[in-house]
Protein chains: 2
Amino acid sequence: MGKTAKETEDNAIQDKTMDALLLENLKSLFNPTTVAVIGASEKPDKLGFHVMKSLKLGNFRGMILPVNPGAERIMGIRALPSISDYRDPIDLAVIVLPSKSVPKIFEECIRKGIKGIVLITAGFKEIDDPKGAELQDSLAKLANEAHIPVIGPNTFGMINLHQSLNASFTPEFSMLQEGGISLVSQSGGMSHLLAFMGMRQQAGMSKIIGLGNRLNVDFAEMVTFLMDDAETRVISLYIEGLENPGKLIQAANKKRGIKPIVAYKTGQATSGDRASLSHTGSMAGNQSIYEGALRQAGITCVHNAESLLDTSRALAMCPPLKGNRIAILSGQAGPGMAACDVCESEGLEVTSFSSGTQKAINDLLPPLALRTNPVDMGPAWYDSVAIAGIMRAVMEDPRVDGIILLMMFASANKEAVAGMSAFLIESRQKKPVVACLSAPPGIWDDQVLGLEKKGALINVPTPERAARSMANLWEYKTMIDRGPYESNTCAH
Amino acid sequence: MGKTAKETEDNAIQDKTMDALLLENLKSLFNPTTVAVIGASEKPDKLGFHVMKSLKLGNFRGMILPVNPGAERIMGIRALPSISDYRDPIDLAVIVLPSKSVPKIFEECIRKGIKGIVLITAGFKEIDDPKGAELQDSLAKLANEAHIPVIGPNTFGMINLHQSLNASFTPEFSMLQEGGISLVSQSGGMSHLLAFMGMRQQAGMSKIIGLGNRLNVDFAEMVTFLMDDAETRVISLYIEGLENPGKLIQAANKKRGIKPIVAYKTGQATSGDRASLSHTGSMAGNQSIYEGALRQAGITCVHNAESLLDTSRALAMCPPLKGNRIAILSGQAGPGMAACDVCESEGLEVTSFSSGTQKAINDLLPPLALRTNPVDMGPAWYDSVAIAGIMRAVMEDPRVDGIILLMMFASANKEAVAGMSAFLIESRQKKPVVACLSAPPGIWDDQVLGLEKKGALINVPTPERAARSMANLWEYKTMIDRGPYESNTCAH
């Protein structure tokens, strides 16, 4: 806030090398042995209560230390008056005290040799009062001198599912499945929305990080760290505004091609800019300039929350899409048409099959079916051998790079998932399979979930979203092939 | 299929007056006292089994007559060898016999004085063999002479939730909630997808009609019928291709403004055209020409399945949106920004409040909150009086036409829904409230569902979809105001 263009440029140059010690300490922050909750509470109207609940219910396997001078025990654990009263090392401090008491706590953390801080407390750079920014700057000075990475302030916290570490005020984050997507977000609300969507769609998550006001850990630091994090397969960014876009661009470019980055950037609206300024202390800025820069850094841009999640899941779970020739296998023609529309408008080719494949399909489907691509497998509903035969021919066809599989299931055709499961699992990871297998709630979810867990496919709610996710796999592939610093069109 | 442009034009002129007797008989078709299932079966691999199951499990209150010369009883009901063996009148016949036996059955139905037919059987105009089209034409001749409306052939059937009439091969359709949306669809797969989505999103449905090959009941007939159907508030169309677009345009224009029509048209892809030709016997045709014509007829166009459902729900449940000035009330700033972006790009104004409203909000929220529109109500999470106070001020502000309400709930803020419910219910139907209230699965669904059932709001899965639904309410309003036959931009 309040930086001139010159200052921003200077920053971009200065920040070319990030603080290596701080990055090293991020490892301890995300993989701590001992976590202190400074401001832990037994009272449900305090965030310190919810953070304790998150750590306990999340089954964190390390040591939890509630710190509160006014309490003997919190949630059954003996409380400490201060972190200085603990003799062994503490890796991570989660701070949920009022802002004015935070500088003293920071000094205490530094004396204690703490490796990382999650600062949930609000009331810093995001408030109208300039004292908020001053306070944040003084904290940044302290943390930077000690090379301590700070997530926040003004954040819900973070979660690392691979460590069962829920260092947030939202215990429900622990309901997420462990997986390969790490979400770095400038908005707590959007993190919660994406997490709740992810729970419904079986998204496998590695970490969720609420950057908040980004004291000294910004997108650039997180991208650099996550590129080397073995538990992260895809880095998902929710961005509103950046003081220093060059730093993120540079970080992304430096590790380009190691793993995919997907970004959803909001803040194109003038009214939205006001919101961003207030809630994380930065202007959202010009949308097209941002997107151009992100794309140049090899980042796949998407334009809504659902697409961020779908695309991240596809990139995390599917094998690479090697070309743009797509087969659409549909149990009903209508959804196939909807997928066709999106494929063609997004640069995918609804390919013609090789003659061998076409012959195999013609042998398996009656003449009344649409046997060319998009294939209407409807007439083979009751013939799981035929369904598997079509899938096999298409999976092995060198003219097909990826498969969109669309089927609406009700009791009249409920055996179909079981019929094709064996083949899908057997040939998993050969080519990307993005599916929309839809059924009434609660009926066949388990079968589809089983296919997802075994890496046979990803399942999304509509044919259009299946096609768009496939298109974004292609977008990623073309971006990587093209190499650094060339402009290209953006995914949707 | 195979019609010349000249023939199509002739049709458009001939069809200016629809068959009034046929339309009258549609009432009996959708509200029958007695339903015969011709081809009823006890065998789960027969569609005649699933149709019987649909009628029985759907708790149809009228008489169900299974017809099958080879069975004594089917699902506990005495079977008849033929409909002629039943002495009292039969309103509706659902036919699930092989195509070649259908002409004989049609003649029998006519003799019996049946009012309407649902012809599930496939193997007519949609097959490669010209005999299919010939057979369909001969059936059309029989049905038209007798003024009997026929849903199908080549369809899953139809359902009328207000009569607990599930005349389809999908018993799960009866899981849907009764409500005001009537879906008329050219695709069985898309109907199933939309129904399954509707189950998850508490969409209130009136009817779902699978047009299939449209023997003599096409979009035009259904629009005309549903415009006068007291149980239908919104007509939703899923369109792939039309032999005679003029007839639908004319039907929609004739009843323009009585109730909203929303259409999702696929088939812009060249590959999709092949699919449409095959599965319902018509070319999908030029997308932009279609959409222009639909818009001219006062039909709101949307571009994916989710938007068709969201927009239909908003139009069915919300009071009319009288202007384009929107308030965004968000529990967290990020989702508010995402909604802002969509609002501004879709022609909605993220309005400035009247001074009284702004003062009321300033009094209720601390300075650290974003108090102008979009309002970040986060700092008032624990103060349900403040939340209700902000909502009241905004609801009563003459500068606000509609409200987008966005809140992500987890256990730390779980009281918030309860806190605002009373006010939302009290002021229901004053202005449209489109919400994205999101929580982990299964936790606060009941509370939000309660608000939807009482007509206080509609809830959609993301902020972007909330904003787009609101934009489509505005699109509908401007289209109605503008009057017939003027081109305008299409909703998304």
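The values are calculated or read from the model by the stated rules, or taken from the named source; none is laboratory data. The shown structure was predicted, so the numbers you read here are calculated from the model rather than taken from an experiment. Backbone-built Cβ (ideal geometry, glycine too); neighbour counts: all protein chains shown.
Remarks
- Flag for residue B:416 being in a strand (DSSP E or B) and within 24 Å of residue A:170 (Cβ to Cβ): no
- When residue A:352 is tested against the conditions (1) under 25 Å from residue B:188 (Cβ atoms); (2) surrounded by fewer than 24 Cβ atoms within 10 Å (Cβ to Cβ), the lone failure is (1).
- Among the residues of region B:68-91, some residue qualifies, meaning at least one is in contact with a Phe, Trp or Tyr (Cβ under 7 Å, 6 or more places away or on another chain) and touching a residue at least 40 places away in the same chain (Cβ under 8 Å).
- Candidate set from region A:423-456 (those that are modelled with pLDDT of 95 or more and under 16 Å from residue A:202 (Cβ atoms)); member that is farthest from the other protein chains (Cβ to nearest Cβ): A:433
- Residue satisfying all of: in region B:121-146; assigned to a loop (DSSP other than H, G, I, E, B), surrounded by 15 or more Cβ atoms within 10 Å (Cβ to Cβ) and of a type outside the set (S, T, N, Q); farthest from the other protein chains (Cβ to nearest Cβ) among these: B:146
- Residue that is surrounded by the fewest Cβ atoms within 10 Å (Cβ to Cβ) [pool: residues in region A:29-47 that are among the small types (Gly, Ala, Ser) and either touching a Pro at 6+ places or on another chain (Cβ under 6 Å) or farther than 21 Å from residue A:211 by Cβ (or both)]: A:41
- Which numbered condition residue B:420 misses (of (1) away from chain A (no Cβ under 14 Å); (2) modelled with pLDDT of 90 or more): (2)
- Filter pass, residue A:391 being within 25 Å of residue A:352 (Cβ to Cβ), in contact with a Leu (Cβ under 7 Å, 6 or more places away or on another chain) and outside any helix (DSSP H, G or I): no
- Subset of region A:394-413 that is assigned to a helix (DSSP H, G or I) and under 20 Å from residue A:454 (Cβ atoms) - its residue that is nearest to the other protein chains (Cβ to nearest Cβ): A:394
- Exactly one residue out of B:294, B:321 is in contact with a Lys or Arg (Cβ under 6 Å, 6 or more places away or on another chain), more than 10 Å from chain A (Cβ to nearest Cβ) and surrounded by 23 or more Cβ atoms within 10 Å (Cβ to Cβ), and it is B:321.
- The set of residues in region A:344-371 that are of a type outside the set (A, V, I, L, M) and facing another protein chain (nearest Cβ under 7 Å) comprises A:344, A:367.
- Test: residue in region B:185-205 that is surrounded by fewer than 23 Cβ atoms within 10 Å (Cβ to Cβ) and away from chain A (no Cβ under 12 Å): yes
- Of all residues making up region B:426-453, the number that are more than 20 Å from the chain's Cα centre (by Cα) and assigned to a loop (DSSP other than H, G, I, E, B): 11
- Filtered residues of region A:48-64 (kept if of a type outside the set (Gly, Ala, Ser) and surrounded by 22 or more Cβ atoms within 10 Å (Cβ to Cβ)): A:49, A:50, A:51, A:52, A:55
- Looking only at residues in region A:166-207 that are charged (D, E, K, R) and either part of a helix (DSSP H, G or I) or in contact with a Cys (Cβ under 7 Å, 6 or more places away or on another chain) (or both), the one that is modelled with the lowest pLDDT is A:200.
- Within region A:340-372, the set of residues being among the polar types (S, T, N, Q), over 21 Å from residue A:475 (Cβ atoms) and assigned to a loop (DSSP other than H, G, I, E, B) comprises A:352, A:354, A:372.
- Top-ranked residue of region B:89-134 - restricted to ones that are acidic (Asp, Glu) and modelled with pLDDT of 95 or more, ranked as farthest from residue B:36 (Cα to Cα): B:134
- Here residue B:218 fulfils each of the conditions (1) within 13 Å of another protein chain (Cβ to nearest Cβ); (2) surrounded by fewer than 24 Cβ atoms within 10 Å (Cβ to Cβ); (3) of a type outside the set (A, V, I, L, M) apart from (1).
- Some residue of region A:39-49 being within 14 Å of another protein chain (Cβ to nearest Cβ), free of Cβ contacts under 8 Å to residues at least 24 places away in the same chain, under 26 Å from the mean Cα position of the chain (by Cα) and within 22 Å of residue A:163 (Cα to Cα): no
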